Amino acid sequence: MKNIDPAKLELIKMAAQKTSGKSGRDLAPVMLALITSANKQGIRFSPDEVSLILEILKDGKSREEQAQIDRTMRMTSSLFNKHTK
């Protein structure tokens, strides 16, 4: 994480705060908002960075919630891929 651009890191921290206590289903809109906000600032997340963000969001969640996050992200991956390119 120490090699991540400070602007990206700030966006990731904001997303983590906004998702605190939320279920997997509620994370997709937060992730889309994060990526959209980054795009407006000219910031693009690499696939590795998106994976890192997901790991951070899944931290502390139950196995069921983590699986829900994964399912939600797979269902909405076309949206995220469009915004990260």
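For segment 2-78, with every protein chain kept in place, what is the accessible area per residue (1.4 Å probe, Å²)? Don't jump to the answer; show the numbers that get you there.
On the way: 4810 Å² over 77 residues.
I get 62 Å² per residue for this part.
Of all accessible surface on segment 14-54 at a 1.4 Å probe, what whole percent is carbon and sulfur? Numbers along the way, then the final one.
On the way: 1200 of 2230 Å².
Answer for segment 14-54 is 54 percent, counting heavy atoms of protein chains only.
By a straight-distance test (C-alpha under 17 Å), which aspartates and glutamates pair with Lys58 as possible cross-link partners, with residues fewer than eight away in the same chain excluded?
Asp26, Asp48, Glu49, Asp70
Can you return the aspartates and glutamates within cross-link range of Lys40? Criterion is Cα-Cα under 17 Å, with same-chain partners fewer than 8 residues away left out.
Leaving aside aspartates and glutamates fewer than 8 places away in the same chain, those within reach of Lys40 are Asp5, Glu10.
The values are calculated or read from the model by the stated rules, or taken from the named source; none is laboratory data. Note that the structure is a prediction, hence the values are computed from the model and not measured. Side chains included, ligands, DNA and RNA excluded: accessible areas come from the protein's heavy atoms. Shrake-Rupley method; radii C 1.70, N 1.55, O 1.52, S 1.80 Å.
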